[in-house]
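> Mind looking over this structure? Questions follow.
The values are calculated or read from the model by the stated rules, or taken from the named source; none is laboratory data. Keep in mind that what you see is a predicted model, and the values were worked out from it rather than measured. Note that we place each Cβ from the backbone using ideal geometry, even for glycine, and neighbour counts take in every protein chain shown.
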Amino acid sequence: MRFAFYGRVSTEDQQDPESSRNWQLARSRQLIEPTGGQIITEFFDIGQSRSLPWPRRPEASRLLHTLADPDRGFEAVVIGEPQRAFYGNQFGLTFPVFVHYGVGLWVPEVGGAVDPGSDAHEIVMNLYGGMSKGERNRIKTRVRTAMAAQAAIEGRHLGGRPPYGYQLGDAGPHPNPAKAAAGQTLKKLEPDPTAAPVVQRIFAEFLAGRGLYTIAEGLTE
């Protein structure tokens, strides 16, 4: 049987795209080769978040369009890791397209082809979609919490243009060894000698009861 391979990697996965593609391909081949299957074409999204629906991922969208072509050249699609392919309810929205065009979908988690008539297979695939969504939400929560703690406790600047009245200062070597070896350092906010007095003046005048228009007039005189 001839197969198309689909895989995905994004910045949230923190993995080299080529390495990710290789192990997803290897896992796919381990599934199909014992039955004589062969991958003849590949669809691999790079830099696309798993939360994006298939029609909005370039390679996944191309695969969906290819399914409608009678001369597509393959009878089934194999996915090495469904958690990278499906997010939330995406399986339930995508698999009917495969069924409509008579194209099989193989994943290691069910040991072969997904049976459209099997409630157990549907539960397994939806479970992995839910796990994928949960994993992404956990990563997002960890990152946001860590960034807030770094800013509040360590005084670190987390990127972007410094607010008016501040400038970037050196906060020591980067804790990540690879970034430290590349010469990157931590940054912190410190008062700008030129702009900080202006900010202090604005606050002082506002607390003294002056309106914003009056303060602005005084600054532009």
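> Out of all the residues in the range 31-62, which are surrounded by 12 or more Cβ atoms within 10 Å (Cβ to Cβ) and either polar (S, T, N, Q) or outside the structural domain of residue 83 (by TED's automatic domain parsing) (or both)?
Correct list: 41, 48, 49, 51, 61.
> Of all residues in the range 63-85, how many are over 16 Å from residue 113 (Cα atoms) and either buried (at least 22 other Cβ atoms within 10 Å of the Cβ) or not hydrophobic (A, V, I, L, M, F, W, C) (or both)?
Residues that pass the stated criteria total 10.
> Something else about it: One residue is enough: does the range 105-124 have a residue meeting the conditions surrounded by fewer than 14 Cβ atoms within 10 Å (Cβ to Cβ), over 17 Å from residue 24 (Cβ atoms), modelled with pLDDT of 90 or more and among the hydrophobic types (A, V, I, L, M, F, W, C)?
The answer is no, given that none of the residues of the range 105-124 is surrounded by fewer than 14 Cβ atoms within 10 Å (Cβ to Cβ), over 17 Å from residue 24 (Cβ atoms), modelled with pLDDT of 90 or more and among the hydrophobic types (A, V, I, L, M, F, W, C).
> Every residue in the range 166-196 that is loosely packed, with under 13 Cβ neighbours inside 10 Å and assigned to a helix (DSSP H, G or I), please.
Residues satisfying the conditions are 177, 178, 181.
> Would you be able to tell me the number of residues in the range 48-104 that are within 25 Å of residue 33 (Cα to Cα) and small (Gly, Ala, Ser)?
7
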